[in-house]
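The values are calculated or read from the model by the stated rules, or taken from the named source; none is laboratory data. Bear in mind that the values here come from a model prediction, so they are computed numbers and not experimental data. Cβ coordinates were reconstructed from backbone atoms using ideal geometry, including for glycine residues, and neighbour counts include every protein chain displayed. To get the accessible areas, we keep the full protein, side chains included, count just its heavy atoms, and leave off ligands, DNA and RNA. Shrake-Rupley method; radii C 1.70, N 1.55, O 1.52, S 1.80 Å.
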Amino acid sequence: MHDLIVIGAGPGGYEAALHAARLGKSVLLAEKQYLGGTCLNVGCIPTKSLLHAAHLFELAQQAGEAGVVIQGKPSFDMAVAARRKNQVVGQLTRGVGSLLQSAKVEVVMGAARLVAPGKVEVAGKTYETRNVLIATGSRPARPPIPGLDSPSVRDSTGILELESIPPRLAIIGAGVIGLEFASLFASVGSKVHVVEMLDRVAPGADLEVAAALQKMLKKRGVEFSLAAKVKRIAGGTLHYERGGQELSLEADCILSATGRAPVVQGLGLEDLKVDFSPKGIRSDERSRTNVPGVWACGDVTGRCLLAHAAVREGQVAVNNMFGQPDRMSYRAMPCVIYTHPEVAWAGLTEEEARERGIEFTAERKPLRVAGRYLIECDKEPGFCKVIMGARHREVLGVHIIGARCSEMIWGAAALIEAELRAPDIAKIIFPHPTVSEAIKDTLLAH
Ligand code: FAD
Ligand code: NAI
């Protein structure tokens, strides 16, 4: 009898397994495809490796301005970048294997299924357990677009396998995945055209920041068709409708980036009466499902499709199942779009604050107010926007567009989570010269 069986070895699952094992519990982790899940194998890590390579290429083209002389014109070798990406993925996934081994987590490769209360079947064997944590993640959604199975269409997994640069890339969807790949391929010379059915990019981000990102990507050659719905695909032609007009565009590769669907099928959830829908397994802030002893974390809940959210939800599940009450908070969830320039935020957007009827003030500062930004990132006209409660001057939301912001946003999330107010923040010392000084200036401008 195990204390816990975890289904799925993505960040939610493997971190939860490690946490429980470190609490002295006997843990089995079942994984049907690869340790590290989407995040390490076909998500966060490989995309960031390629984005880094593409950014280096851009920097190489600008190096002359800083006095660095490169003989000849720099070029980009996608096959080499892909090899480096695969090395990084291999190193990290092997690392997960070693961590699990040293924590004495029993790993079983195979598709797991709940067969009865407290019983999980994997690779032809049935195991008994006191608790089950479902962390089966998500897969690319497939919108009902005729022709989506054409060979020119790839999803976020398929496009990572490209070893050459498509001269013309069409992207369906201006969400996080669509924008990150648009930035990546624009940097290395593709002609990128993004078709999005909403009238904005980056749903979920502050509208002002999203508009600034769109403008900056446009300046780098990315074309956008907004309020445009893709109707069908024929070979390499994407047919879409905008303002009642039928339009089309030709591409060598089409990326379908229209969201992700939780993996809820084939797990035996119906038989155990676990409450779920195509949008995910319903779970509460303690990561409990409606069935005692069955817990869920990560993308499979459909709540917040981020690796760090999955990790925290898994930790909350383990703490609660082993007698340490814990609750998940989404209030200051850090979100990042790893485009060039990057976008990062935590807390409320201006639109959310308005919808909730909160009295607030919003201040903005260009990141150039920080000398370090001027030195290193002058090409990107980034800015920081802070939303504060009008009465108590507590931080409600921090939104940044510009280089380095992915590394700074956790600090903003900490301010929000700790409910710090302007006078407390004034006492915090920010190092000089750093880009983060621009955030302090924006916070104190209220
Ligand atoms: P997953 O990582 O999806 O892992 C689930 C695992 O469960 C998989 O390994 C799967 O094989 C396994 N599984 C499924 N069914 C079964 C079964 N029946 N039995 C056994 N095993 C099973 N998030 C970020 O925070 N930052 C980023 O930069 C970022 N970039 C991304 C880029 C891309 C292209 C994509 C697609 C996603 C990105 N994400 C990013 C999202 C992130 O990958 C997910 O939020 C994260 O992986 C969710 O973790 P998880 O543990 O819930 O699920
Ligand atoms: P998404 O939900 O963010 O965006 C999908 C977009 O496609 C939406 O804007 C939607 O309006 C549009 N769309 C859907 N159908 C369409 C159609 N027929 N025609 C035109 N547009 C259409 O989903 P995305 O980008 O696929 O990402 C999935 C999840 O993965 C995200 O929610 C995010 O949480 C996670 N992720 C996180 C990253 C990060 O943290 N940096 C990076 C990549 C993914």
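Normalising the average separation of contacting C-alpha pairs (under 8 angstrom, six or more residues apart) by the number of residues puts the relative contact order of the chain at 14 percent.
Within the same chain, lysines fewer than 8 places from LYS85 are excluded, and of the rest, those with a Cα less than 25 Å from its Cα are LYS32, LYS48, LYS73, LYS191.
Summarising the strand pairing of the chain, around 60 percent of its internal DSSP beta bridges are antiparallel. Karplus-based coupling profile of segment 63-72, in residue order and whole Hz: 4, x, 4, 9, x, 8, 9, 10, 6, x, with θ = phi - 60° in 6.51 cos²θ - 1.76 cosθ + 1.60 and x standing for Gly or Pro. Rounded to the nearest 20, the Cβ-based charge dipole of the chain about its Cα centre (Lys and Arg +1, Asp and Glu -1) stands at 300 debye. The DSSP beta bridges internal to segment 153-258 are antiparallel in roughly 45% of cases. With the alpha-carbon atoms of segment 153-258 aligned to their principal axes, the span from lowest to highest coordinate is 35, 31, 23 Å, starting with the largest. Counting only Cα atoms, the size of segment 335-443 along its three principal axes is 39, 29, 19 Å, in decreasing order. When the chain is described by a simple charge dipole with +1 on each Lys and Arg Cβ and -1 on each Asp and Glu Cβ, the residue from ALA79, ALA141, SER164 located farthest towards its positive end is ALA79.
Of the whole protein surface, ARG364 contributes about 100 Å² of accessible area at a 1.4 Å probe radius.
The charge dipole of segment 335-443, taken about its Cα centre with unit charges on the Cβ atoms of Lys, Arg (+1), Asp and Glu (-1) only, comes to about 280 debye.
Which pairs in the list LYS365/LYS427; LYS279/LYS365; LYS215/LYS440 are over 27 Å apart, alpha-carbon to alpha-carbon?
Check vs 27 Å cut-off fails for LYS279/LYS365.
Rounded to the nearest whole Hz, the Karplus-based 3J(HN,Hα) values (6.51 cos²θ - 1.76 cosθ + 1.60, θ = phi - 60°) of segment 359-376 follow the sequence 7, 9, 10, 10, 10, 10, 9, x, 5, 4, 5, 8, x, 4, 5, 4, 5, 9, with x at glycine and proline.
For the chain, the direction-averaged projected area of the alpha-carbon convex hull comes to 23.6 nm². Once the dipole of the chain is set up with Lys and Arg at +1 and Asp and Glu at -1 on Cβ about the Cα centre, which of GLY37, ALA445, ALA309 lies farthest towards its positive end? It is GLY37.
Sorted largest first, the principal axis extents computed over the alpha-carbon atoms of segment 398-443 equal 27, 21, 14 Å.
Can you compute the FRET efficiency between GLU128 and GLU106 using 1/(1 + (r/R0)^6), with r the Cβ-Cβ distance and R0 = 22 Å? Round to the nearest 0.05.
Details: r = 13 Å, r/R0 = 0.59.
That pair, GLU128 with GLU106, gives E of 0.95.
Spacing of the modelled spin labels on HIS432 and ASP326, each 7 Å from Cα toward Cβ, amounts to 4.0 nm.
Taking the Cα centre of segment 1-90 as reference, the dipole from Cβ charges on Lys and Arg (+1) and Asp and Glu (-1) amounts to some 160 debye.
Near the amide H of PHE224, within less than 5 Å, lie the amide hydrogens of VAL194, all on another chain or at least 5 residues away, with H placed in the peptide plane. In the chain, helices alone account for a calculated mean residue ellipticity at 222 nm of -10000 deg cm²/dmol, with every DSSP H run of four or more residues adding -39,500 (n - 2.57).
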